[in-house]
Amino acid sequence: MQSDVSMNPRASDDSSSSDVEAEISDGDGFLPIDRPPTVAKEDEGNVIHCLSCFSPFPQLLTQKVSIFASVSLLMRAETYQGYMKELPLPTSRGSLIPFTSWFGLGMSIKELYGQPLHYLTNVLLQRWDQARLGSDSEVQSLDLIIHPLKAEATIWLVEEIHRLTSSHLQIAQLWGSDPMYHMLIDPIIPKLSQS
Amino acid sequence: MQNPRASDDSGSSDVEAEISDGLPPLDRSHRVVEDEASLVMRAEMYQAYMKELPIPTNRGSVIPFTSWVGLSFSIKQLYGQPLHYLTNVLLQRWDQARFGSDSEYQSLDFIIHPCKAEATVWLVEEIHRLTSSHLQIAQLWGSDPMYHSLVDPIVPELPRS
């Protein structure tokens, strides 16, 4: 049994405002809202889209720019990070997973271990794939450049960093500035491992 | 050891003294934002250099650290090598991502073991050195006015044996 997750962090019911969309819930746990990237009317004044999470503006993040996310986003990020932080990293690893893209490797890993990867990890994997475009070695198979064992080890190392050290405040900010953020959130219901 | 020092371009009085990062100097005489072509050229030279720079093999120090950027300074000093722009960006992001977390005031090396941390830095460094495209780097530089603050001088010191 991969992960011992009995925790079922259902988002607190924030249905006081008629503008808050209903949480999609199938009874198994917290699912990120799967909806088109619109911003609820009540949130419009609260979400500042000045940073794309795909843009490398690390310095901007440290400037005194007022970037804040809506209250509901903060709550969801807190629930999300609270869950991801407790999710134990798999210990039985070391399969040789062939891969031609980082995102593809991420998907194989999720399936193999029945675990979600952190939003920040998914963002990073996508960045790495993006960073290859136009390189000399772009058409080479990625696993000939980076050994599959190293690649998987790297993913789990960065995953650990993201699970253990991320702040839900920062996550909420990133989500708030990325209208498509929900695409990089894995459903956080680990499948039962087929062992 | 390769030492791509910039050619001396001191013709214009408007050219600021270059931080000698080993890349061709920025020509600011026309006071325009760096143009795309020169960015691509500089990124090409940069990436070609970083790609050939061998990842150190003689590792195994345990480096205490309280921030990722701090760890990177120690690593750069210990091994006398620059780290890739993309690595520096990532490490800064990781430090940024901690702000406001429950464990923000814990020492980072109690949460992530120093050996794991260093291993992680070198693994991502390898990815950045071996697989990055200079075109993508030029694009990132072009959209980041402060990019040069995250580009290490690419003149590695002689390793201390």
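Only the coordinates and a few stated rules stand behind these numbers; no lab work does. These numbers were taken from a predicted model, which means no experiment stands behind them. All Cβ positions, glycine included, derive from the backbone under ideal geometry; neighbour counts span all protein chains shown.
Residues that are more than 9 Å from chain A (Cβ to nearest Cβ) and of a type in the set (V, I, T): does segment B:102-123 have at least one? Within segment B:102-123, one or more residues are more than 9 Å from chain A (Cβ to nearest Cβ) and of a type in the set (V, I, T).
Taken together, the residues in segment B:105-133 that are of a type in the set (D, E, K, R) and over 15 Å from B:V69 (Cβ atoms) amount to 3.
If you go through segment B:88-97 and keep only what is within 7 Å of another protein chain (Cβ to nearest Cβ) and within 25 Å of B:S61 (Cα to Cα), you end up with B:V89, B:Q92, B:R93, B:W94. Against the numbered list (1) closer than 17 Å to B:P56 by Cα; (2) within 9 Å of chain A (Cβ to nearest Cβ); (3) over 12 Å from the mean Cα position of the chain (by Cα), B:H128 comes up short only at (3). Across segment A:95-115, the qualifying residues are those that are part of a loop (DSSP other than H, G, I, E, B) and closer than 21 Å to B:L90 by Cβ, and the one among them that is nearest to the other protein chains (Cβ to nearest Cβ) is A:S101. Within segment B:68-98, being under 14 Å from B:K116 (Cα atoms) and among the hydroxyl-bearing types (S, T, Y) holds for one residue alone: B:S72. State all residues of segment B:131-140 that are out of contact with any Ser or Thr (no Cβ under 7 Å at 6 or more places or on another chain) and facing chain A (nearest Cβ under 7 Å); if no residue qualifies, say none. B:L135, B:Q136, B:L140, listed by residue number. As a summary of the residue check, B:L150 satisfies the conditions (1) facing chain A (nearest Cβ under 8 Å); (2) of a type outside the set (V, I, T); (3) farther than 14 Å from B:W68 by Cβ; (4) in contact (Cβ under 8 Å) with a residue 60 or more places away in the chain except for the one numbered (3). Report the residue count in segment A:118-153 for those that are acidic (D, E) and facing chain B (nearest Cβ under 10 Å). Within segment A:118-153, residues that are acidic (D, E) and facing chain B (nearest Cβ under 10 Å) number 3.
Tell me, which residue of segment A:154-170 that is within 8 Å of another protein chain (Cβ to nearest Cβ) and in contact (Cβ under 8 Å) with a residue 40 or more places away in the chain is farthest from A:Q115 (Cα to Cα)? So, considering only residues that are within 8 Å of another protein chain (Cβ to nearest Cβ) and in contact (Cβ under 8 Å) with a residue 40 or more places away in the chain, the one farthest from A:Q115 (Cα to Cα) is A:L169.
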